[in-house]
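Right, one structure below, let's go through it.
What follows draws every value from the coordinates through simple rules; no lab data is involved. All of these numbers come straight from a predicted model, not from anything done at the bench.
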Amino acid sequence: MILVHVCCIFVLTRPTNRLYSLSTMNTAEQLRNRLWDAREAASFLKVSRSWIYARVERDEMPYIRVGGLIRFVPSQLRDWTFAKDQGKG
């Protein structure tokens, strides 16, 4: 879900519902916080894109929609990955 407010883009992420204001970030922060597409998420997790899409369809991993596109906040994907990994031990 994207809310536009006076030249600011706010991204409401799932499942943590944190609000990120992209307009207040400097260039280094924007590069660090750039959204990943399914290909980049799959590469990070070392899985196929179809695996990513299946998890998104079942709402099993954090993602956001930008228009009709599925995107991932890298820090949330890392947190989710390590939280799942710790749950196994």
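Results, tabulated for the structure shown:
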{"quantity": "5 angstrom amide H check on Val66, placed H, neighbours 5+ away", "calculated": "Arg71"}
{"quantity": "Length added when fully stretched, Asp79-Arg58, from 0.36 nm per residue minus Cα-Cα", "calculated": "5.7 nm"}
{"quantity": "Contour minus Cα-Cα distance for Asp37 and Leu69 (0.36 nm per residue)", "calculated": "10.7 nm"}
